[in-house]
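Okay, structure first, notes after.
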Amino acid sequence: MAEVTYELYEEADAAGQLDVFLPAYEEVYADPPYNEGPRDVAEFIERYPQQIRTRPGFRLLLARDGSELVGFTYGYRLPANTSWWGNLLEAMPQDFTGETGERTFAVIEMAVRKPWRRRGVAAGLHARLIEGLAVERVTLTVRPEHEAAPARSAYVAWGYRKVGRSHPGQEGPVYDAMVLDLR
């Protein structure tokens, strides 16, 4: 195993990287609890470039072991008109949910291929993704404890706290919304 290296792509530069990390996306999200199939992957392929075009501060980070892609993560700043906090099942005060376009960075996807898990790759991806961001906090959603205990444990170890439950899609699962305060 070579040393894992990380590559950061911002905004439009991230658009050309979809084909690079798509096989890792398909591999990771085919497994439980996600069980994504061809329709889910097609929706992801359609959604990814739209996120780059419409979300400010888009960042993509790739992790490689030598020339082999082993993981990726991406996210963006929440815009002032975001629906992110509107997906919470429990009401939160305006001083918590109010966004400015500069306040909160959302981690949208983070995936590490099985052979490289529990080797610090996810921590490296996360740290480099949020490095240098001029935001107050970072947010993400994660499947409930019984479905995603390793991911949740990592997030808690990195300083995240659960702030509520989120249901972003009418047919999709309920997630736990977590926040990492950077102040």
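All of the numbers you see were taken from the coordinates with simple rules; none came from a lab. These figures come from a predicted structure and were not determined experimentally. Note that each Cβ is placed from the backbone with ideal geometry, even for glycine, and that neighbours are counted across all protein chains shown.
Taking other C-beta atoms within 10 Å as the exposure proxy, H167, H126 rank H167, H126 from fewest upward.
For the stretch 43-77, GluC sites (Glu not before Pro) are listed when DSSP marks them as loop and at most 10 other Cβ atoms sit within 10 Å of their Cβ; the list is empty.
Farthest towards the positive end of the charge dipole of the chain, among the residues L62, Y160, A12, is the Cα of Y160, using unit charges on the Cβ of Lys, Arg, Asp and Glu.
Here, the chain has an Rg and a Dmax of 15.7, 48 Å when only alpha carbons are counted. When you filter the trypsin sites (Lys or Arg not before Pro) in the stretch 117-168 for DSSP loop state and at most 10 other Cβ atoms inside 10 Å of their Cβ, you are left with R118. Taking the Cα centre of the stretch 55-183 as reference, the dipole from Cβ charges on Lys and Arg (+1) and Asp and Glu (-1) amounts to some 460 debye. Annotation: for a label point projected 7 angstrom from Cα along Cα→Cβ of E7, residues of the stretch 48-62 with backbone N closer than 12 Å are 61-62.
Count the DSSP beta bridges whose two residues both fall in the stretch 12-153, then state the antiparallel fraction as a percent rounded to the nearest 5. If I count the DSSP bridges inside the stretch 12-153, around 80 percent turn out antiparallel. For the chain, set up a GNM with springs between Cα atoms under 10 Å and report which of T82, T139, T73 has the largest fluctuation. Sorting by GNM fluctuation, first place goes to T82. Across all directions, the average flat footprint of the convex hull enclosing the Cα atoms of the stretch 94-183 is 6.7 nm².
Here the spin labels are modelled as points 7 Å beyond Cα on the Cα-Cβ line, and at E136 and V156 they lie 2.6 nm apart.
Full extension of the segment from Q94 to H167, taken as 0.36 nm per residue of separation minus the current Cα-Cα distance, would add 24.4 nm.
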